[in-house]
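Working notes, structure below.
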Amino acid sequence: MTTLAETVSDSVVITKRNLIKVKRVPDLIVFATLSPIMFVVLFRYIFGGAINLPPGISYAEFLLPGIFAQTVVFGSTVTGASIAEDLQKGLIDRFRSLPMSRSAVLIGRTVADLGLNVISITVMALTGLAVGWRINSSIGEAIGGFLVLLVFAFAISWLMALVGLLVRTPEVVNNASFIVIFPLTFASNAFVPLESFPAPLRAFAEWNPVSTVVQAARELFGNVPAGVPVPDVWSLQNPALYTVLWTVAILVVFVPLSVRAYLRTASR
């Protein structure tokens, strides 16, 4: 039975290992940053003119929090694919032979992927500033906006970790995560106002946690101008709280499930 200190120490080692891997395979960073830049430019200059927003709202400021949310949620799928790849290559068997905390493998993986999301958000923020996005709130509120995005993405990483342990092939993990996460991000307020949605889809989008992540980020970045009508549903009236509740629920469910699945896998 490992102690908490040993688990933390082992997790730090695994995190460093995963980050060093990124350094040695720069393609991971290149494609992780090119994709959000492409989305920012495409939506800002190609689709932006076709989307109707209430008066006084800049599409750049409406768009960027949505792009942030989409990118960190898609970025969290790297966790599942990486774990499946380690299983496929037998690396998990090597970890099993070492005197280390079993949960450290998953903690190190999710924390390292959180670091990748930090890099992606930094690149996107700089790109957003270049295309007209601005933060109109205080430094503390802006930091809170980035934290909401990253903490939610960290929770999704644990969900994806379980998928990677159960599926065990990177290709299937990518396909399975795309089927789930793609509709969640696009059936939200990330790119267009919910008023344009048909009633059933709008009801789903209003309670979709991706929508509340986006709404919370917009409010914390000061990208919701004064005078914009307040949403008439509780989730979007309290987006930060609703997002935190979802985050806690995901972690409470999927952290123990992922650790248990890893222990079963490592004991085979």
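The values are calculated or read from the model by the stated rules, or taken from the named source; none is laboratory data. From a predicted model like this one, the values you see are computed outputs, not experimental measurements. A quick note on method: Cβ atoms are made from the backbone with ideal geometry, for glycine too, and the neighbour counts reach across all protein chains shown. Side chains included, ligands, DNA and RNA excluded: accessible areas come from the protein's heavy atoms. Shrake-Rupley method; radii C 1.70, N 1.55, O 1.52, S 1.80 Å.
Can you give me the span-like helices of the chain, meaning DSSP H runs with 27 Å or more of Cα extent along the axis and Kyte-Doolittle mean at or above 0.5?
Within the chain the helices that satisfy the rule are 103-130, 139-167, 239-266.
Report relative contact order for the chain in percent, whole number only (criteria: Cα-Cα under 8 Å, sequence separation at least 6).
The normalised contact order for the chain reaches 28 percent.
For a bin width of 5 Å, list the pair-distance distribution of the stretch 207-268 built from all Cα-Cα distances, rounded to whole %.
Pairs per bin, as whole percents: 4, 17, 19, 16, 11, 9, 7, 7, 5, 3, 1, 1.
What figure, in Å² to the nearest 10, do you get for the accessible area of residue 202 with a 1.4 Å probe and non-protein molecules left out?
Here the accessible area works out near 70 Å².
Size of the dipole of the stretch 194-268 about the Cα centre, Lys and Arg at +1 and Asp and Glu at -1 on the beta carbon, nothing else charged, in debye to 20?
580
Compute from the Cα atoms of the stretch 22-101 the Rg and the Dmax, the latter being the longest Cα-Cα distance, and quote both in angstrom.
Cα radius of gyration and Dmax of the stretch 22-101 are 19.1, 62 Å respectively.
Rounded to the nearest 500 deg cm²/dmol, what is the calculated helix-only ellipticity per residue at 222 nm for the chain, with -39500 (n - 2.57) per DSSP H run of length n ≥ 4?
Value at 222 nm, helices only, nearest 500: -25000 deg cm²/dmol.
Mind checking Rg over Rh on the stretch 116-266, alpha carbons, Kirkwood formula for Rh?
We get a ratio of 1.00 for the stretch 116-266.
May I ask you to rank 24, 168 by accessible area, largest first, using a 1.4 Å probe over the protein chains only?
24, 168
Quantify, in whole percent, the carbon and sulfur part of the accessible surface of the stretch 127-268 (1.4 Å probe; protein heavy atoms only).
Within the stretch 127-268, the accessible surface is 72 percent carbon and sulfur.
At a probe size of 1.4 Å, how large is the accessible area of residue 255, to the nearest 10 Å²?
40
With Rg and Dmax of the Cα atoms in Å in mind, check (i) 21.1, 70; (ii) 22.8, 80; (iii) 19.3, 62 and report the label derived from this structure.
Only one option fits the structure, namely (iii).
Debye sum, Cα scatterers, the stretch 86-172, no solvent: what log₁₀ I/I(0) at q = 0.20 1/Å?
Once normalised to I(0) and log-transformed, intensities are -0.99.
Work from the charge dipole of the stretch 134-268 (Cβ charges, +1 for Lys and Arg, -1 for Asp and Glu, about the Cα centre) and give the residue of 263, 166, 238 farthest towards its positive end.
263
With a 1.4 Å probe and every protein chain left in place, work out the accessible area per residue of the chain in Å², rounded to a whole number.
Heavy-atom SASA per residue in the chain reads 48 Å².
Could you pull the accessible area for residue 98 with a 1.4 Å probe, rounded to 10 Å²?
For residue 98, solvent-accessible area is about 90 Å².
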